[in-house]
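Trainee: I'd like to ask some things about the structure below.
The values are calculated or read from the model by the stated rules, or taken from the named source; none is laboratory data. Predicted model, so just to flag it, every value in this text is computed and none were measured. Methodologically, a virtual Cβ is constructed for each residue, glycine included, from the backbone with ideal geometry; neighbour enumeration extends over all protein chains shown. What goes into the accessible areas is simple: the full protein's heavy atoms, side chains included, and nothing from ligands, DNA or RNA. Shrake-Rupley method; radii C 1.70, N 1.55, O 1.52, S 1.80 Å.
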Amino acid sequence: MTSTAPKFENTAAAAAIIWRWFLLPAVVIALGWASIEAGKMGLADLSARQVDPAFVVWRKQKVIASDEWDRIHQRLLYAESLQPSNADYQVKLGQLFDYRWMTGTRQASENGHDVQTARNFYRSAVAKRAIWGYAWAHLLSAKSRLNELDDEFTLALDKAIEFAPWEPPVQLIVSDAAFLRWDNLTLSDQEKVRANTLRGLKSVTGGQTRRMIKLIRSYDKYAVVCPSMPIDSLYERVCPD
């Protein structure tokens, strides 16, 4: 009787060789793609990080030269083109248009367009990263400035508080946006903002209590929190006699 073992071994060996020939190109392609993506990610990050110093200066000085704004805009667009799925770049682009609106140097219609553009970038950011409370807070802020007190406004308020209840920047953005339209908010939304503001006042983060008190004072919203506070040292700092 003739054995079939050698034939089987030869067939298996041939199949292994053929498999290697198919597998090797696939591995090379995968490694090449990963290398390209890593390179694009690095370039995008490098370009986007260079805008942060400008943002710090703009927040302090409230002045933006048009050529400087254009330069930062191009850097962020370049980063976005390399990594279109990155929500960070969408938020930074939204902030860029917010900063130009903040200077108040453009016509009213142009300012309104800047806020709308910022809102759209924040929408894109939450679509790409749905659990990012910071992006939801920025969307809420833009909606408030546009006086768009709709279902999306309420959703942004809920998501900002749900995903980032203890983040100091989110606490301030949420309360600021809500105080601006306080009389038009539902009682339920007012209660959410009251709780958010009290968390900010009680925050152990350095300077957060002071910043929240300053915000309350600027909108004259002592009545939002003072009736809900115990009579203690914090109450004495926040609430006027």
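Trainee: Assigning unit charges at the beta carbon (Lys, Arg +1; Asp, Glu -1) and nothing else, what dipole magnitude in debye, to the nearest 20, does the stretch 43-174 show about its Cα centre? Can you show the working numbers first?
Mentor: Numbers: 16 positive and 17 negative charges, 58 e Å.
Result for the stretch 43-174 is approximately 280 debye, rounded to the nearest 20.
Trainee: Within the stretch 90-241, what whole-number % of the accessible surface is contributed by carbon and sulfur, with the 1.4 Å probe and all protein chains included in the calculation? Don't jump to the answer; show the numbers that get you there.
Mentor: Values: 3750 of 7320 Å².
Carbon plus sulfur share of accessible area: 51 percent.
Trainee: Right, another one. Would you mind working out the accessible area per residue for the stretch 58-159, using a 1.4 Å probe, and quoting it in Å²?
Mentor: Values: 4830 Å² over 102 residues.
For the stretch 58-159, the per-residue accessible area is 47 Å².
Trainee: Would you kindly calculate the translational diffusion coefficient of the stretch 70-127, applying Stokes-Einstein with the Kirkwood radius from alpha carbon pairs, for 20 °C and a viscosity of 1.002 mPa s, and quote it in µm² s⁻¹ without decimals? The partial results should precede the final answer.
Mentor: Values: Rh = 11.5 Å.
So the translational diffusion coefficient is about 186 µm²/s.
Trainee: With only alpha-carbon atoms in the gyration tensor, what are the semi-axes of the equivalent ellipsoid for the stretch 125-241, in Å, largest first? Intermediate values should be presented prior to the final figure.
Mentor: Values: eigenvalues 116, 49, 24 Å².
Equivalent ellipsoid of the stretch 125-241: 24, 16, 11 Å, largest first.
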